[in-house]
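Reviewing the structure listed below.
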């Protein structure tokens, strides 16, 4: 039996190349159900997993959230919507990593089991996004892209059955820089015509980008200069001040050591010190990639942690099942 991420990988490859037939993966098919599809102007595909009888979703692809940029694909998002559509479903917007140079909203390694798990078990709409890459991207442009995508979702998601009052921002690796700033620095959502009230929660997964005042490695080129003020302004941890409407946060990180753990713990501590709710959890058995890829795998420690957080902030559609109870 193939895993959900394998099925989604096959589907992504096929749909990106225009295939409309059923996909067979070692005898397990993910079938675009065309008969009876509702009439929608946005390009979309109805999907059903035959190895998961309860799993069905509609995949809306390449929706442009910023018509002003020269490359529409860079400023586009996808929607994975439970089928049949439910009323007032929560929304999870996902920002991938890749150093502002690579990856994509449809990359199967970033998606993993998330579309299947979030639509089926959480009853949520999953929204992975693209954003500008360097040299056009980085700070602050990619940050503004995340805010603009959130503004589009807040304005339009009700048409797909989503609840604009239950939006969670979720990011991995360098995506934490953009998402973390949007969640802590109100200027980006303000420019998009919204406010921090838009966010119900923030989830950051394995990234040493909460404090960029001493950046190293690939993140150094994300900023136009090494000016101390610029680097501080580009650090989520330094935007936390009392009185803001910063949402509760869950920070997960793998057990590989380095700066990720200390930065994750420092961000959560700074949030708590300023009166906000935040938890950082080390996933000892995970590395930088699996701590993200395994979210949504039934019974996995990452799935349990994220589900509990979604419950606590009133987003999870149902409680953790006994099968996912803590071991």
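Table for the structure above
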| read-out | value |
| --- | --- |
| Residues 182, 143, 219 arranged by fewest to most Cβ contacts within 10 Å | 219, 143, 182 |
| All-pairs Cα distance distribution in segment 173-248, expressed in whole percent, bin size 5 Å | 3, 17, 27, 25, 16, 10, 3 |
| Inter-site label distance for residue 228 and residue 64 at 7 Å from Cα along Cβ, in nm | 4.4 nm |
| Sorted by Cβ density within 10 Å, fewest first, the residues 290, 174 | 290, 174 |
| Kirkwood hydrodynamic radius of segment 196-318, from inverse mean 1/r over distinct Cα pairs, in Å | 15.4 Å |
| Residue 311/residue 107 FRET efficiency (R0 41 Å; Cβ-Cβ; nearest 0.05) | 0.90 |
| Hull-based mean projected area of segment 54-324, where the convex hull spans the alpha carbons, in square nanometres | 13.0 nm² |
| Mean separation of Cα contacts under 8 Å, 6 or more apart, over the residue count of segment 54-324: relative contact order % | 18 percent |
| Coarse-grained scattering of segment 48-205 at q = 0.09, 0.17 Å⁻¹, given as base-10 log I(q)/I(0) from a Debye sum over alpha-carbon atoms | -0.25, -0.93 |
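Rule-based calculations on the coordinates, nothing more; no lab input. These numbers come from a predicted model, not from an experiment. Cβ atoms come from the backbone with ideal geometry, glycine included; neighbour counts cover every protein chain shown.
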